[in-house]
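Below you'll find the structure, written out as structure tokens, and then a few comments.
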Amino acid sequence: MTSQRARDRMVQRLMASGIRDPRVLEVMGATPRHLFVDEALAHQAYENIALPIGFGQTISQPYIVARMTEALIQRDIPQRVLELGTGSGYQAAILAQLVDRVISLERVRPLQRRAREVLSQMGLHNISLRHVDGTLGWPEHAPYDGIVLTAAPRRIPDALLLQLSMGGRLLAPVGDEHDTQSLVCITRTERAFFKENLGPVTFVPLLSGEIL
């Protein structure tokens, strides 16, 4: 269940679900998702389900990771991407194989440490990991061509939108954890921020504060 055959079956399911970008499909098929979950759950790594990673967090289902990635690179490949919520490191790993640089923020230190080990094992060295409360982004290195949230705020903070470069895109689940959430894509232009609803999703809430 951790073989290339299992990854190939996952890619076939992604295609059947509407993922079309060959770049995304190739990277999803080449990335060992089982390394990002607990060994006891490795046999479920290539099913289209979210899995627990500890501290009340999950690794998103492959379809959601692929959908967010596809939407992010739909027009242009962003050079620098900010991720809020490293979690297992899986989304960062997918992005790092498609963009020049990923800056990923995580509030839970043990999750960040484990993600660093796996990403290093994979030889992905274009990812900068930070242990911070990332709810307002990382303005020190703004602007970003892309911003990805892997946890859901009730609304997108203005501070995050202002860290987008012109033409940049932000992908985020938005909504209350006990109510309907929507995956939104926001594009910044010189005149306005354009919002597109990509459909219903379910994510853990975006929380503030740091855990050592």
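The values are calculated or read from the model by the stated rules, or taken from the named source; none is laboratory data. The structure presented is a predicted model; accordingly, all values stated were derived computationally and were not measured. Note that we place each Cβ from the backbone using ideal geometry, even for glycine, and neighbour counts take in every protein chain shown. Note: areas computed on protein heavy atoms with side chains; ligands, DNA, RNA excluded. Shrake-Rupley method; radii C 1.70, N 1.55, O 1.52, S 1.80 Å.
Looking at the structure I just gave you, is residue 35 in contact with a Leu (Cβ under 6 Å, 6 or more places away or on another chain), surrounded by fewer than 20 Cβ atoms within 10 Å (Cβ to Cβ), part of a helix (DSSP H, G or I) and not hydroxyl-bearing (Ser, Thr, Tyr)? Spelling it out, it is not the case that residue 35 is in contact with a Leu (Cβ under 6 Å, 6 or more places away or on another chain), surrounded by fewer than 20 Cβ atoms within 10 Å (Cβ to Cβ), part of a helix (DSSP H, G or I) and not hydroxyl-bearing (Ser, Thr, Tyr).
Taking (1) under 23 Å from residue 174 (Cβ atoms); (2) open to solvent by 10 Å² or more (accessible area, probe 1.4 Å); (3) in contact with a Gly (Cβ under 7 Å, 6 or more places away or on another chain) in turn, residue 56 satisfies each apart from (3). If you check 106, 117 for being over 22 Å from residue 26 (Cα atoms), surrounded by fewer than 20 Cβ atoms within 10 Å (Cβ to Cβ) and among the charged types (D, E, K, R), only one passes: 117. Apart from one condition, residue 12 fits all of (1) of a type outside the set (Lys, Arg); (2) assigned to a helix (DSSP H, G or I); (3) in contact (Cβ under 8 Å) with a residue 24 or more places away in the chain; the exception is (3). Scanning the range 170-188 for residues that are open to solvent by 10 Å² or more (accessible area, probe 1.4 Å), assigned to a strand (DSSP E or B) and not polar (S, T, N, Q) yields 174, 186, 188. For the range 1-23, the tally of residues that are basic (Lys, Arg), open to solvent by 60 Å² or more (accessible area, probe 1.4 Å) and in contact with a Gly (Cβ under 7 Å, 6 or more places away or on another chain) stands at 0.
Considering the conditions (1) of a type outside the set (Phe, Trp, Tyr); (2) out of contact with any Cys (no Cβ under 9 Å at 6 or more places or on another chain); (3) over 17 Å from residue 59 (Cα atoms), residue 207 is excluded by exactly one of them, (3). Would you check if residue 98 is of a type in the set (A, V, I, L, M, F, W, C), open to solvent by less than 40 Å² (accessible area, probe 1.4 Å) and touching a Gly at 6+ places or on another chain (Cβ under 7 Å)? Answer is no for this residue.
Quick grid of which residues meet (1) touching a Leu at 6+ places or on another chain (Cβ under 9 Å); (2) in contact (Cβ under 8 Å) with a residue 60 or more places away in the chain; (3) under 20 Å from residue 62 (Cβ atoms):
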| residue | (1), (2), (3) |
| --- | --- |
| 159 | yes, no, no |
| 166 | no, no, no |
| 169 | yes, yes, no |
| 183 | yes, yes, yes |
| 191 | no, no, no |
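Take residue 66 and decide whether it is under 26 Å from residue 157 (Cα atoms) and surrounded by 23 or more Cβ atoms within 10 Å (Cβ to Cβ). It is true that residue 66 is under 26 Å from residue 157 (Cα atoms) and surrounded by 23 or more Cβ atoms within 10 Å (Cβ to Cβ).
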